[in-house]
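First comes the structure, then the notes that go with it.
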Amino acid sequence: MVDATSPVALKNALAERSHAEGFDVMRVTHADAIPQAAGRLRHFLSENRHGDMDWMARHEARRASPRGLWPQVETVIMLGMNYGPDINAPSDNPLAGLAQETSGLIAVYAQRRDYHNVMKKKLRRLAKWLAQEGEGEVKLFVDTAPVMEKPLAEAAGLGWQGKHTNLVSRELGSFLFLAALYTDLPLPPDAPEIDHCGSCSACLDACPTQAFPAPYQLDARRCISYLTIEYKGVIAPEFRAAIGNRIYGCDDCIAVCPWNKFAQAAQEAKLAMQADLHLPPLVELAALDDAAFRHRFAGLPIKRTGRDRFVRNVLIALGNISNPAPAHIAAVIDRLADEAALVRGMAVWALSRLAPAQVPEMSERYYAGETDAHVRAEWQAVLHG
């Protein structure tokens, strides 16, 4: 039995149980530990850097402070689970996949089972144990509520927010899933982590779309992760070539971080890499209809984006192949008659990149009957420049 009257004993026991559940790190901070977060969030939203993620603006007050979400919270317990590849192995380094133009590059986290499901089961067990042992109330969050995970993780000492705005751990690197337990129990806080970025700018220099207006600031509207995952619309032409073969997310800014040289590969068995998601052929992915998409990505993060956005991304990647084979061109032409206008429009652009000589012939077949304004605009752009 744990001595519930001793906050230190309760915290130590919770740390042991969190490691037994597969979390790599657990730290504690006070609910009022991030007073600066509200101002930073307000500036981010005022600059419209959240793009069309309207939920961020709708829940600004609840997100700005833990007490905005739950007034009774006293302690925030932050947990981290490593999902990193073996960054020092050439075959596992996500940057190596950029050279494989005919294959799709998927962010490391999305090559695994949906972390929300994996972590939430573990958190429920921890929350139940803590509520029983400490005789308090506990709420759990895994990236699905207005919680400032990264500032809270920094305040708790898990790591610091680097110049790319992601969390960096000296022991675990940058590939970390975060989760939070809010409780009304008083637990002793850990010391916050300090910034160890120094003069390094590797993450800023690596961004293909210059998504960082300044160090420690992100403009999501230019971020490939946002564009390929969150953004529902037509990706602007200025970003398409820079996307390369990244069909779901982007790891560039965290993969180049020098602190990853100390990181180890993920150990959680339920988050094992899915072999068929490591550089899958673009031609194969372009042919997915909705049913095939749902079947292939069941239980994986990619499914939440939906088939149309995903195939949109695949067509952009196809359009970026420098030496296309006939199969690549055929895969693009097949999508000119797709049911989704978002897909048809990207097929037009990809065709103009892979086989410009075929644009006039294909336009005669598909342009006249096109009713969607966006797709017609794509045809006009490639026909008339």
For the stretch 359-376, state whether one or more residues are over 30 Å from the mean Cα position of the chain (by Cα) and aromatic (Phe, Trp, Tyr).
-> yes
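Can you tell me which of Asp290, Asp219 is acidic (Asp, Glu) and either surrounded by fewer than 19 Cβ atoms within 10 Å (Cβ to Cβ) or over 30 Å from Trp160 (Cβ atoms) (or both)? So that I can check it myself, show each step before the final result.
On the way: Asp219 fails: either surrounded by fewer than 19 Cβ atoms within 10 Å (Cβ to Cβ) or over 30 Å from Trp160 (Cβ atoms) (or both).
The conditions single out Asp290.
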Restricting the search to the stretch 293-319, which residues are under 12 Å from Gly104 (Cβ atoms) and in contact with a helix residue (DSSP H, G or I) (Cβ under 6 Å, 6 or more places away or on another chain)?
-> Ile302, Val311, Asn313, Val314, Leu315, Ile316, Ala317, Leu318
Log entry, pairs with first residue in the stretch 43-68 being loosely packed, with under 15 Cβ neighbours inside 10 Å, second being modelled with pLDDT of 85 or more and assigned to a helix (DSSP H, G or I), beta carbons closer than 6 Å, six or more apart or on different chains, reads Ala61/Gly68
Considering the stretch 69-97, residues that are surrounded by fewer than 17 Cβ atoms within 10 Å (Cβ to Cβ) and in a helix (DSSP H, G or I), and then whichever is farthest from the chain's Cα centre (by Cα), we arrive at Ala96
Conditions (1) under 29 Å from Lys122 (Cβ atoms); (2) modelled with pLDDT under 90: number failed by Pro71 = (2)
Identify all residues within the stretch 306-341 that are touching a Ser or Thr at 6+ places or on another chain (Cβ under 8 Å) and of a type in the set (Ser, Thr, Tyr); write none if there are none.
-> none
Might you check whether a residue that is over 20 Å from Leu204 (Cβ atoms), part of a helix (DSSP H, G or I), not assigned by TED's automatic domain parsing to the domain that holds Gly22 and not acidic (Asp, Glu) occurs anywhere in the stretch 251-264?
-> yes
Any chance you could count how many residues in the stretch 263-300 are basic (Lys, Arg) and more than 19 Å from the chain's Cα centre (by Cα)?
-> 2
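Are any residues in the stretch 1-54 under 17 Å from Pro189 (Cα atoms), among the hydroxyl-bearing types (Ser, Thr, Tyr), out of contact with any Pro (no Cβ under 7 Å at 6 or more places or on another chain) and not in a loop (DSSP other than H, G, I, E, B), and if so, which ones?
The initial filter retains those residues of the stretch 1-54 that are under 17 Å from Pro189 (Cα atoms), namely 4-16, 18, 25-35.
From what is left, the residues that are among the hydroxyl-bearing types (Ser, Thr, Tyr) are 5-6, 18, 29.
Then drop every residue that is not out of contact with any Pro (no Cβ under 7 Å at 6 or more places or on another chain), which leaves 5-6, 18.
If the condition is that a residue be under 17 Å from Pro189 (Cα atoms), among the hydroxyl-bearing types (Ser, Thr, Tyr), out of contact with any Pro (no Cβ under 7 Å at 6 or more places or on another chain) and not in a loop (DSSP other than H, G, I, E, B), then Ser18 is the only one that fits.
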By residue number, the members of the stretch 218-227 that are touching a residue at least 60 places away in the same chain (Cβ under 8 Å) and either within 15 Å of Leu41 (Cα to Cα) or out of contact with any helix residue (DSSP H, G or I) (no Cβ under 7 Å at 6 or more places or on another chain) (or both) are Leu218, Asp219, Ala220, Arg221, Ser225
Six or more apart or on different chains, Cβ under 9 Å: which pairs go from a residue in the stretch 360-375 that's within 24 Å of Ala236 (Cα to Cα) to one that's exposed (fewer than 14 other Cβ atoms within 10 Å of the Cβ) and modelled with pLDDT of 95 or more? Could you list them?
-> Tyr366/Ala337; Tyr367/Gln380; His374/Gly233
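Which residues, counting only those in the stretch 334-358, are part of a helix (DSSP H, G or I) and either surrounded by fewer than 18 Cβ atoms within 10 Å (Cβ to Cβ) or at pLDDT below 95 (or both)? Steps first, answer last, please.
Of the residues in the stretch 334-358, the ones part of a helix (DSSP H, G or I) are 334-337, 341-354, 356-358.
Listed by number, the residues that qualify are Asp334, Ala337, Pro356, Ala357, Gln358.
The values are calculated or read from the model by the stated rules, or taken from the named source; none is laboratory data. Remember, it's a predicted structure, so these values are computed and weren't measured experimentally. For neighbour counting, all protein chains shown are included, and Cβ atoms are generated from backbone atoms with ideal geometry for every residue, glycine included.
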